[in-house]
Every structure is written in C-alpha cells, then in structure tokens.
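The values are calculated or read from the model by the stated rules, or taken from the named source; none is laboratory data. The model shown is predicted, which means the values in this text are computed figures rather than measured ones. Positions of Cβ are generated from backbone atoms using ideal geometry, with glycine treated the same way; all protein chains shown enter the neighbour counts. The area values use the complete protein model at the heavy-atom level, side chains included, leaving out ligands, DNA and RNA. Shrake-Rupley method; radii C 1.70, N 1.55, O 1.52, S 1.80 Å.
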Amino acid sequence: MKEKNLLLRTITCVVGVPLVLSMIFLVPQYNYIVFSLFVIVMGFIGSLEMSKILFSKTVPLAYIAPIIPIVQYLQGVFGLYAQLPDLAFVLILLGAFALEIKTGEPDDFKSSIDRASRHGLLVIYPSYLISFVLKFLAISGITSQAIIMYLLLVFGNDMSAYIFGRLFGKNNKGVFKVSPKKSVAGYVGSLFTAVGISFACCAIFKSSLPAFTALQKIILGVGISLTANIGDLLESVFKRSAGVKDSGNIIPGRGGALDCLDSPLASAPIFFIIFNMVMEAM
C-alpha cells in the first residue's frame, strides 16, 4: 500500500510540476489568469472539503465563501475599489454569523457559538487565506520568478522536513501529538532549508526580484517555514477532529485539495506582506 501511494505521489509530482510551471511562465497575462483560475478552483474544492470536515455535509456557505478569492482576482485585474475584497470577506463572515439570529425557543441557541465558530472557520479557511495568493499575483511588477520563489519556499520546506525527519528524527518524534511521526529534527532542518532557499532564490533570480536585505531574506525564510509547518499541523488537527485520513480523494497519492493547500494557505499572507513591504520600499 505504501509503495502504491509513493508511486501515485511520484506520478502526480512528475505531471503536476510541469503543468503548474507552464501556467506561470506561458500565460502571465491578466495576473497569470490560468494559474489564478487554478488557485480559485482549488480553493473552491477545498471549501467543499472543509464543509464536510466541519459539518459532515456540504452547507450553502461552502459555495458562497469562494466568492472572496474571485473578488480579489477581479479587483487585481480591473483595478476596482481596493477594499472590495475586504468588504466581501466581512459581509460573508457577518452573514455566516447572522445565521444564528433567529426567533424560537431559548434552547435553539445552546449550540449557536459552536455553529457560528464552524461557519466562521469555513469562511476563513480556505477562501480568505487563499485570496492572499491572488493578492500577491496582483502586485504591480510581479514576476514569474517571484511566484516560483514562493512555491520553492513552501514545498522545499515541506520536503526538507520529511527528509531531515527520516535522517535524524528517529529519537525526537512525537513533539506534537496530532502528528506523532513529525520530529524536531525535521522542523529544525526545514527552517534552515527555507532560509537557504530564500538566499538562493534572491541570488539566482536577482534581476527579477526586489532587493532583499540579508535580514529580510532570513525573516522571509523563517516566516514561511514556521507558518507552513503550522498549516500542516492545523490540517492534521482538522482531519483528526473529523476522524478522516484525507480531506478528499481528487489528487492521486495526496488526497484532497486541502491536503495540498495546508502549507501554502498558512504561509500565503506572510509571503505577501513581506514581499509587498520590500517592493514598496524600493
């Protein structure tokens, strides 16, 4: 079973990586429209998966929350009112909470906090978080190399955590009970790897990236590593709470959309904020 799963993961990687790279490099028009649509579709599927994790069924909000990244993309392409995506987020979030405003017996409200919390989480995860990827793609002067840098940081961090964990993590596993196979060595190794990738990308893509200072490169690497690892663990928390192994089964060897988006979702806001601050300082 493990060998079959490894084979499926390898095939998915061999097919998926060139596909994503072609989206980025071949169609940069309209804020990388093909890659943006790919991100939006993955976010939509992730919203459906998260709904089943939270409610054991697909609730109407799962179809409404993905409006947030769509609005973010349209705002970036057409230069609409800058706060429009924030307005969409707030209105959808308040609408989700407003589902608990109803008439009836006092007993109807005993589970309101639990339901409102679940609905609020469904708005934020993944729809609001994934909108930061679209926000990043809308930065003026963004390059394909900058997008590759983000992907290398996130997935390089994940891969190195696995490799360092296998090599040096035999006696330091179980630090987080939600994911007992993860080790301290894996997290430490991924941290240094992310910082190294940050420096390497800034050197290799020097002409296509803003001028990061050494401190900014370190902050970016550390920030991505910490948030990517948190995202991975949070996804494990959600799945354990729902009693499922994978969020879905649409990606061979990987599971669902959320199983692939866990690290990118958590690190997207950090990457956007740091990258945009450096761009604005130029």
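Couple of notes before you dig in:
- Using a probe of 1.4 angstrom and keeping all protein chains present, the accessible surface of the range 17-176 works out to 53 square angstrom per residue.
- Under the simplified labelling scheme, the THR10-ASP114 pair shows an inter-label distance of 4.6 nm, with each label point 7 Å from Cα along Cα→Cβ.
- Contour minus Cα-Cα distance for LEU74 and VAL17 (0.36 nm per residue): 17.9 nm
- The 3J(HN,Hα) values that the Karplus relation (6.51, -1.76, 1.60; θ = phi - 60°) gives for the range 144-150 are, in residue order, 4, 5, 5, 5, 4, 4, 4 Hz. Gly and Pro appear as x.
- Cα lying deepest toward the dipole's positive end in the chain, options ILE274, PRO60, ALA228, charges on Cβ: ALA228
- Rounded accessible area of THR58 (nearest 10 Å², 1.4 Å probe): 50 Å²
- Overall dimensions of the chain as given by Cα atoms, namely Rg and Dmax in Å: 19.6, 65
- For the pair the range 242-279 and the range 148-206, the centres of their Cα atoms are 15 angstrom apart.
- Other residues lying with their Cβ under 10 Å from the Cβ of SER112 contribute a combined charge of 0, Lys and Arg counting +1, Asp and Glu -1.
- Taking every alpha-carbon pair in the range 69-190 and binning the separations at 10 Å intervals from zero gives 12, 23, 22, 26, 14, 3 percent.
- Gyration tensor analysis over the Cα atoms of the range 165-276 returns equivalent ellipsoid semi-axes of 28, 18, 12 Å (largest first, whole Å).
- The Rg/Rh ratio of the range 47-137, with Rg taken over Cα atoms and Rh as the Kirkwood radius over Cα pairs, comes to 1.05.
- Accessible-area composition of the range 120-273, carbon plus sulfur, in percent [1.4 Å probe]: 68 percent
- Ratio Rg/Rh, restricted to the range 215-260 and using Cα atoms, in which Rh is the Kirkwood radius: 1.15
- Charge dipole (the chain, unit charges on Cβ, about Cα centre) - positive-most of ALA138, ILE251, ILE70: ILE251
- Computed on the range 38-77, with alpha-carbon pairs under 8 angstrom and 6+ residues apart, the relative contact order is 40 percent.
- Dipole magnitude of the range 227-267, debye to nearest 20 (Cβ charges: Lys/Arg +1, Asp/Glu -1, about Cα centre): 120 debye
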